[in-house]
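The values are calculated or read from the model by the stated rules, or taken from the named source; none is laboratory data. Source: prediction; values computed, not measured. All Cβ positions, glycine included, derive from the backbone under ideal geometry; neighbour counts span all protein chains shown.
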Amino acid sequence: MKTEKNILVAFVLNLSFALLEFFGGIFTGSVAIISDAVHDMGDAASIGIAYALEKKSKQQPDENYTYGYGRFSVLGGLITTLILLCGSVAVCCNAVSRIINPAEINYDGMIIFALIGAVVNFAAAYFTREGDSINQKAVNLHMLEDVSGWVVVLIGAVIMRFTDWAVIDPIMSIGVAVFILINAGKNLKEVLYIFLEKTPDGVSVSGIKALICEIEGVVEVHHIHLRSIDGHGIYATMHIVAQGDFHEIKHKVRHGLSEFGIVHSVIESESPDECCDSKVCVIKKKECLDSHLHHHHSH
């Protein structure tokens with residue numbers, strides 16, 4: 001709930017400021033401020049999408065989404081990150097054209113709007129700083145981009161006010177865009193790892209295997225699959241070859257898995273003489289086939 005509320009606050013602040021900028025741009029006759037208002041409208045739209053998807057992600061599992069709706073939050077993070085990446089590239093292109101063809105800038109109007117922009121976006125960044133969803137991280141990065149952008153505009157406007165070096169503005173905006181590109185790239189990598197079902201960070205398959213094999217009665221463990229739905233809880237499935245009270249063994253295995261942050265596990269039990277058709281271990285499979293052939297010939 002807190003994550004949702006924080007994203008909603010960021011959305012309201014961003015939308016309000018974008019509307020204020022439109023009027024400010026018309027009032028001062030500044031095309032730069034109007035174009036930034038369009039940028040902030042895009043921000044507000046992406047935050048609105050992020051909010052809707054974060055809300056959706058809290059729904060309980062049902063017949064359509066048996067694993068739950070956690071991926072919707074990750075999808076929100078993906079959309080926001082992609083908008084950030086595209087926006088940063090656009091800023092760089094615009095800045096390069098500004099260096100080649102410097103434009104007339106209203107420094108005083110720029111200073112006033114930069115102050116308001118920095119305060120509003122700082123408040124939005126402050127509200128989205130906590131929370132552990134990838135979606136919220138992406139929104140927070142979005143807000144930090146806007147804060148740093150406005151701070152740069154403010155510093156640049158003050159320097160240009162006294163020096164008239166218009167080239168400072170596009171150079172600093174490229175610096176901010178590059179900073180955002182690097183961070184958004186990291187965020188995108190994290191999101192893609194979840195969608196590609198990479199083994200979550202901080203969890204070792206060999207470590208899990210070693211821990212389970214130490215449990216009394218466990219002969220072998222294979223087919224260990226680890227995934228995360230939303231970047232937090234880890235899901236695990238595995239086949240355990242065991243002898244003895246499997247109910248007790250399973251309880252010990254689950255307890256061991258919880259130490260790795262695994263919130264949900266599906267454990268299939270197999271007896272030592274049972275052949276696992278889908279077993280990864282080729283040698284074991286070969287042994288199974290050999291024993292079947294031997295059994296078949298003897299009859």
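See the values below:
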item	result
Residues being within 17 Å of GLY233 (Cβ to Cβ) and either polar (S, T, N, Q) or part of a helix (DSSP H, G or I) (or both) - total across segment 57-74	9
Number of the condition not met by TYR235 [criteria: (1) aromatic (Phe, Trp, Tyr); (2) closer than 29 Å to LYS55 by Cα; (3) without any contact (Cβ under 8 Å) to a residue 40 or more places away in the chain]	(3)
Neighbours by Cβ (under 7 Å, 6+ apart or cross-chain): first from segment 141-164, within 16 Å of ALA177 (Cα to Cα); second outside any helix (DSSP H, G or I) and not basic (Lys, Arg)	MET143/THR128
Among (1) among the aliphatic types (A, V, I, L, M); (2) within 20 Å of ILE194 (Cα to Cα); (3) at pLDDT below 85, the one test that LEU82 misses	(3)
Test: residue in segment 25-40 that is modelled with pLDDT under 80, assigned by TED's automatic domain parsing to the domain that holds GLY76 and under 24 Å from the mean Cα position of the chain (by Cα)	yes
Any hit, segment 248-257, residues being in a helix (DSSP H, G or I) and either touching a residue at least 60 places away in the same chain (Cβ under 8 Å) or within 30 Å of VAL147 (Cβ to Cβ) (or both)	no
From the options GLU197, GLU190, residue that is touching a Lys or Arg at 6+ places or on another chain (Cβ under 6 Å) and either within 30 Å of LYS250 (Cα to Cα) or assigned by TED's automatic domain parsing to the domain that holds LEU75 (or both)	GLU197
Of all residues making up segment 230-260, the number that are over 28 Å from TYR69 (Cβ atoms) and of a type in the set (Asp, Glu)	2
Condition check for ASP164: in the same structural domain as VAL91 (by TED's automatic domain parsing) and surrounded by fewer than 15 Cβ atoms within 10 Å (Cβ to Cβ)	yes
GLY117 being assigned by TED's automatic domain parsing to the domain that holds ALA45, crowded, with 22+ Cβ neighbours inside 10 Å and not in a loop (DSSP other than H, G, I, E, B)	yes
